[in-house]
Structure formats: structure tokens, C-alpha cells
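Take a look at the structure set out below.
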Amino acid sequence: MTEPDVPTTITGPANAAPDSPQRNRPQWTDLPVEDDTANLRLGPSLHDQCLPLLPLIGVWRGTGEVVYPTIDGPFHFGQQLVFAHDGRPFVSYEARAWLLDEDGGVIRQAARETGFWRPQEDGSLEVLIAHHTGIIEAWYGDKGDLRSWEIATDAVVRTPSAKDVTAAKRLYGLVNQGDLAYVDERAMQGQPMQPHMSALLHRVVG
């Protein structure tokens, strides 16, 4: 396995929140083991196997759009993503969103996801994501390049009350000197694979 070209010092992007290097996700200081950290300057060292995901570690916030033929859209949403680690060879992942009106005001809470990104020794990715809507997805992806990560579902498990999702693809990438953008494509409700969500997020922690 070729070692990834990882920066030896941690520097924040020019457009990150000014206090992002000092912030972290909420911490449980009384845990008997290492808590997750979303700040590479704090907590345990990132496992070598997770180095290809190093640029993702942090908390990201921004806005996006959701569209699909089966919904009355497009809808705009705000979102927060958290990529954190506890020193072991995986990255914990959490996403939560809220719908926005035309003026950017919050209407209500929306989608939530939680899961794990599991980089393998050959650089490939295994990703597990559970949705609050009753869907669990197993994703796989080839080795990224420290600027983009593409994953696609290998299996989708649904509860009886969940939407009929059969497959999905996602592309995450660093843009604009350090922002995080992604596009989610889905085949669901009898529709072929096509764009469903996209967002542009700015670093607020890490």
C-alpha cells in the first residue's frame, strides 16, 4: 500500500470559522475511555488506516437542496455533518438537517443519519449509514485522493414503513479552498438513479 500524501502540520482552510481550531464536538470528560474527537489537535491520534479521511475530520455546516420526481420540490435545507474518531481504524459519522424557508428561516427538523466510515488496508472504503426513516445502507468505494471520496451502495435494508430505496451513490469533495460539497443520487420509489440531494458545507470545528 502506498502511503498517502498527508500534511505533516494541521492548517485550516482560509474560509473556515475563525475559532474552528479551538472547538470540538461535545465531550464526555468522565468516560473511562477516549471520547470521539472532531478536532485533530485534540484527543487521540488519528489511526494510520484513517489517514485517507484526514481532511474530513471535523464539524461542517451549510445549506443544500433536495429534489426528486416523487416530491414537491425543490426544498432547501440546512445541515451539519460530524466526522470524528477515537483513535481506532474507523471514523464515526453523524448528519442532521433542517428545512429552510425562502428567507433562510428554519421550518422544522429533517433527515438524520448516523454511521461509520471504515477505511481498509488497501485504501478502499466501507461505509455503514442508518437513517431515522428506517433505512440502513452498506456502501463501498475505491481509494480516495485526499480531496474526493466516491461511494455507492452494495446493500440497502428497509423496514416495512420505509421508502422503497434500491440504490444510492454519493460523491464528497473539497472545494473553494477547504469547503466540503457532496451530491447524493438515489434510485427509489420506482425511479431510476438520479440526483436527490446536494450541499455545500463550511468547517466550524477542526
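For residue 171 and residue 112, the FRET efficiency from 1/(1 + (r/R0)^6), where r spans their Cβ atoms and R0 equals 25 Å, is about 0.75.
Excluding ligands, DNA and RNA, the accessible surface per residue across the chain is 54 Å² with a 1.4 Å probe. Simple rule: put +1 on each Lys or Arg Cβ and -1 on each Asp or Glu Cβ in the chain, find the dipole, and look at 171, 90, 190; the Cα lying farthest toward the positive end is 190.
For the chain, which whole-number percentage of the solvent-accessible area (1.4 Å probe, protein heavy atoms only) is attributable to carbon and sulfur atoms?
Details: 5760 of 11080 Å².
Accessible surface attributable to carbon and sulfur in the chain totals 52 percent.
The orientation-averaged projected area of the convex hull spanned by the Cα atoms of the stretch 56-107 comes to 4.7 nm². In order along the stretch 126-134, the phi-based Karplus estimate (6.51 cos²θ - 1.76 cosθ + 1.60, θ = phi - 60°) of 3J(HN,Hα) comes to 10, 10, 10, 9, 10, 9, 5, 8, x Hz; Gly and Pro are listed as x. Rounded to the nearest 10 square angstrom, residue 65 shows an accessible area of 70 square angstrom against a 1.4 Å probe.
The alpha carbons of the chain give a radius of gyration and a Dmax of 17.1, 49 Å, in that order.
With one equal scatterer per alpha carbon and no solvent term, the Debye-computed log10 I(q)/I(0) for the stretch 87-206 at 0.22 1/Å reads -1.53.
The values are calculated or read from the model by the stated rules, or taken from the named source; none is laboratory data. Bear in mind that the values here come from a model prediction, so they are computed numbers and not experimental data. Positions of Cβ are backbone-derived with ideal geometry, glycine not excepted, and every protein chain shown enters the neighbour counts. Please note that ligands, DNA and RNA were not included when accessible areas were found on the heavy atoms of the full protein model with its side chains. Shrake-Rupley method; radii C 1.70, N 1.55, O 1.52, S 1.80 Å.
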